[in-house]
Amino acid sequence: MTTGSRLYVYGIVHADRTLPPSTRGVGRPPARVELLPVGELAALVSDVPPDLRARRRDLMAHQELLTALGTEGPVLPMRFGMVAEDASAVERAVRAAAPTHLAALERLENRTEMNLKAMPVHSAVEALVRDDAGVRRLAADVRRRPSYEGNVRLGQAVAEGLARRATEAADEALRTLVRLADEVVRGPKVPGCVLNASFLVAQERGERFRAAVEQFAAAHRERVELRLTGPLPCYSFVPEKPKEPQESQGASDFAAGEASGSPGGSAARPTAVGS
Amino acid sequence: MTTTTYNEAAVCVPRAGTLYDVLELILDRGMVIDIFVRVSLVGIEILKIDARIVVASVDTYLRFAEVCNRLDLNQDASSRTVPDLFAGMSGGVAKGGAKRAAKSVGGKVKDAIGMGDEDDDERDAHDEHGEAEPEEAPRARRGSGSRSGSRTASASRAGSRATRRTQEA
């Protein structure tokens, strides 16, 4: 790393962290990642490879580095592709928001992000027809008087029906899972998904959370397809820029109306972790 | 890397297949610092839109209708149980219909971003002169099912694509 050159910034950690020797950054060959200490904090930085773009291997390098670091202690992950003008720019930025960063690191300590996506079950047309009188009626109409328009209408009703069932089931999943999480954030809308939500989960509860998702998915396989990804760097739970409204909500907001939704409660604590 | 719990967690580290599922988190979430600049993400915006199976399209509607039409509705009123009724359907039409298209689309997108294989080297060679590469593959797909679909297409997430097909028809 040459002083005065641009730096790729991966994230922010406590200054007392050490990097595993295997830590590799973006670029080919992978850039050497270093800790740039700033008071009680340190920024994870490397040189910026020429022609840096959002390639698979660079996205993975960013992701894997932060995931690996996250298993050993809290990390504030940067969005992919953040580049600072030079080391002093990094120092200035980190120092300026040090109290915020320290508070965020404390909040994320021993926690991980689990991302849940919910999709309609495309193969559940039979179940929909069975349960939905409206779709059955449309299907009967089309059978009597086959037409292109009729087919489009029927197919649209099926698509909407599948999406509606998936949305209802996903909301139910959210209410169930929020009890195992400290916070929940709805992520950006993803085409094809009726739900994209990230949960901040205590690391020791990760397996239990996954089991809960699998259990729910198995019980509702005709209504919704769930995909869980994690443990992830806590991308969705970092401090946001002040001008953007804080989207993060307390878990209890989602559990409103449900009995004992206390996220920190001990009732749901797993007895065995890791197995 | 020393305790069982952490090793367990490391096993679940997202790999190539699931990078796909966290793309929007890596790109749209995470911390932003104002004075930092961001590398160009040309192509990624389009990729993100095309990356998912578009349910609301005329093509999908017609496939769903086809599945429906193959269900024997008359059996509904009979005394046969529901599992009897739909026995054999699950592995057949339903999956073969809507899902087949979905899979082929997904495959192309994964190819486009290079998530499908261990072909980083080859990809990089393409990358050198293929700036627009990510958006090409997903766009170059099917152009069928385009008769008078404009009404529904306007309600569709794939509005522009469906409209284009309508014009071609």
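The values are calculated or read from the model by the stated rules, or taken from the named source; none is laboratory data. On a predicted model such as this, the values are computed, not experimentally measured, just so you know. Because the Cβ atoms are built from the backbone with ideal geometry, glycine has one as well, and the counts that use them run over all protein chains shown.
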Fill in the blank from the handout: Residue hits (region A:151-185; within 13 Å of chain B (Cβ to nearest Cβ) and not in a helix (DSSP H, G or I)) are A:VAL185
Completion exercise
Of (1) within 19 Å of B:PHE36 (Cβ to Cβ); (2) of a type outside the set (Phe, Trp, Tyr); (3) modelled with pLDDT under 95; (4) buried (at least 21 other Cβ atoms within 10 Å of the Cβ), A:VAL45 satisfies every one except (3)
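Take A:ALA96 and tell me if it is within 11 Å of chain B (Cβ to nearest Cβ), under 16 Å from A:TYR8 (Cβ atoms) and among the aliphatic types (A, V, I, L, M).
no
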Completion exercise
By residue number, the members of region A:61-82 that are more than 23 Å from A:PRO188 (Cβ to Cβ) and either under 17 Å from the mean Cα position of the chain (by Cα) or of a type in the set (A, V, I, L, M, F, W, C) (or both) are A:ALA68, A:LEU69, A:THR71, A:PRO74
Exercise for the section: Hey, could you check region A:195-211 for residues that are closer than 14 Å to A:THR229 by Cα and in a strand (DSSP E or B) and say which is nearest to the chain's Cα centre (by Cα)? Expected result: A:SER198
Completion exercise
Going through (1) modelled with pLDDT of 95 or more; (2) facing another protein chain (nearest Cβ under 8 Å) one by one, A:ARG143 fails only at (1)
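Here is a yes/no grid of residues against (1) more than 30 Å from A:ALA124 (Cβ to Cβ); (2) within 11 Å of chain B (Cβ to nearest Cβ); (3) in contact with a Gly (Cβ under 9 Å, 6 or more places away or on another chain); (4) at pLDDT below 95:
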{"site": "A:GLY187", "(1), (2), (3), (4)": "no, yes, no, yes"}
{"site": "A:VAL194", "(1), (2), (3), (4)": "no, yes, no, yes"}
{"site": "A:ALA211", "(1), (2), (3), (4)": "no, no, no, no"}
{"site": "A:HIS220", "(1), (2), (3), (4)": "no, no, no, no"}
{"site": "A:CYS234", "(1), (2), (3), (4)": "yes, yes, yes, no"}
{"site": "A:GLU240", "(1), (2), (3), (4)": "yes, yes, no, yes"}
{"site": "A:PRO245", "(1), (2), (3), (4)": "yes, no, no, yes"}
Problem - Neighbours by Cβ (under 6 Å, 6+ apart or cross-chain): first from region A:106-134, over 20 Å from A:GLU214 (Cβ atoms) and more than 10 Å from every other protein chain (Cβ to nearest Cβ); second part of a loop (DSSP other than H, G, I, E, B) and at pLDDT 95 or above - result: A:LEU108/A:PRO74; A:LEU108/A:CYS234; A:GLU109/A:PRO74
Completion exercise
Of the residues in region A:23-39, those that are touching a residue at least 40 places away in the same chain (Cβ under 8 Å) and closer than 15 Å to A:GLN63 by Cβ number 3
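What about A:VAL142, is it in contact with a Phe, Trp or Tyr (Cβ under 6 Å, 6 or more places away or on another chain) and either of a type in the set (S, T, N, Q) or not assigned by TED's automatic domain parsing to the domain that holds A:HIS220 (or both)?
no
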